[in-house]
Amino acid sequence: MKRILSGMQPTAQLHLGNYLGALKNWVALQNEPDSENFYMVADLHAITVPQEPEALRAATREIAAAYIAGGIDPAKSSIFVQSAVPGHSELMWLLATMTQMGKLERMTQFKDKAGKNAERAGLGLFAYPVLMAADILIYKATHVPVGEDQKQHLELAREVASTFNTRYGQDFFIQPEPFIMGAAARVMSLQDGTKKMSKSDASEKSRINLTDDAETIAKKIKKAQTDPEALPETLAGLEGRPGAKNLVTIYAALADITPEAVIKDCAGKGWGEFKSALADLAVEKLAPMTRRMQELMSDPAEIDRILAQGSEKAGALAEQTVRQTREIMGFWQRP
Ligand code: TRP
């Protein structure tokens, strides 16, 4: 049996990159036979940078709404909130005692986020990958779908699992397999095809948010970066043309076809024509999702019901792992 776990941080609005690069793949995984799926809202990770309490609460519900609107089915997958399962934090501490500082210092995400002033970065930011290891190991997840940027963290989770197993001489934690998501995993900024589409980009025009209306989507696509040449005859003709390549990638992912097929259909077309086809496609694919998301957002009680149910299911499993971990490590347990 496969057990699949992944999560996103509730830090801002979700955008097209999150949908095509993550959510859409999760939906496909959920429908595989013989798999159990856990999708969490990683709010404990979000607080590694300061968050406004009310904004955090709203963003938590919003991400959950996006999961559901994007096709995660609460009947097939547990949708839950990380902080609502206290075992994550507890296991993190236990695992922190067997994680080397040197390994955490080598994490590129930490280096990027802490910047030059690593001395002033919070302990939470530094320990972030240990919490992520706890998230994964607590469910004994076998597969973890993540973007390229999280691969190093997953490698750490594998190492921590192995350190624990070696130290206690048991095959207790499962080493999770990374599941690096395919071609569409890298949706780039609409304004700069060399940068990832990101919620932290200052320019709204750089991304399509899952809450954008049709008009906004069309406008952002029309303004997207391209170059003076038309669409090439072959895929190789996109090399060195990051803006052009990005739009072809997005088209392919939305249409569920390969970039080769897009090029075959559109070779020689001008960008004006291509962009208007892309805008139509994006609106067609995203509109039902946006509508469902808005419906859910106006009914927070329904979101809360789904999150409570998912958190209960995840919590039962997590509690069992933490209890066994305490036992193995030699903690006194309430009889
Ligand atoms: N760190 C991940 C990100 O920012 C989110 C995350 C937290 C996660 N815990 C996880 C992803 C566990 C996979 C598994 O994208």
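The values are calculated or read from the model by the stated rules, or taken from the named source; none is laboratory data. All values reported here derive from a predicted model rather than from experimental measurement. Every residue, glycine among them, receives a Cβ derived from its backbone with ideal geometry; neighbour counts consider all protein chains shown.
I need the helices (runs of 4 or more DSSP H) fully contained in region 220-335, keeping only those with at least 2 residues that are touching a strand residue (DSSP E or B) at 6+ places or on another chain (Cβ under 6 Å). Even if it seems obvious, please write down each step before you answer.
Details: elements: 242-255, 259-266, 271-297, 300-329.
So the answer is 300-329.
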Is one or more of the residues making up region 92-103 more than 15 Å from the ligand (Cβ to nearest atom), of a type in the set (Lys, Arg), within 26 Å of PHE164 (Cα to Cα) and in contact (Cβ under 8 Å) with a residue 40 or more places away in the chain?
yes
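Scan LYS195, LYS199, LYS113 and give me the residue that is within 11 Å of the ligand (Cβ to nearest atom) and not assigned by TED's automatic domain parsing to the domain that holds LEU14.
LYS199
Can you pull out every residue in region 116-142 that is charged (D, E, K, R) and near the ligand (Cβ under 10 Å from one of its atoms)? Please lay out each step first, then the result.
Of all residues in region 116-142, those charged (D, E, K, R) come to 116, 119-120, 135, 140.
Within region 116-142, just ASP135 meets the criteria.
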Test: residue in region 143-163 that is away from the ligand (no atom under 13 Å from the Cβ) and out of contact with any Ser or Thr (no Cβ under 9 Å at 6 or more places or on another chain)
yes
When GLU62 is run through (1) in contact (Cβ under 8 Å) with a residue 12 or more places away in the chain; (2) under 29 Å from GLN175 (Cβ atoms); (3) not hydrophobic (A, V, I, L, M, F, W, C), the failure sits at (2)
Could you look through region 8-40, keep only residues that are more than 18 Å from SER200 (Cβ to Cβ) and within 11 Å of the ligand (Cβ to nearest atom), and pick out the one that is farthest from the chain's Cα centre (by Cα)?
PHE38
Conditions (1) closer than 25 Å to GLN324 by Cα; (2) buried (at least 24 other Cβ atoms within 10 Å of the Cβ): number failed by SER35:
(2)
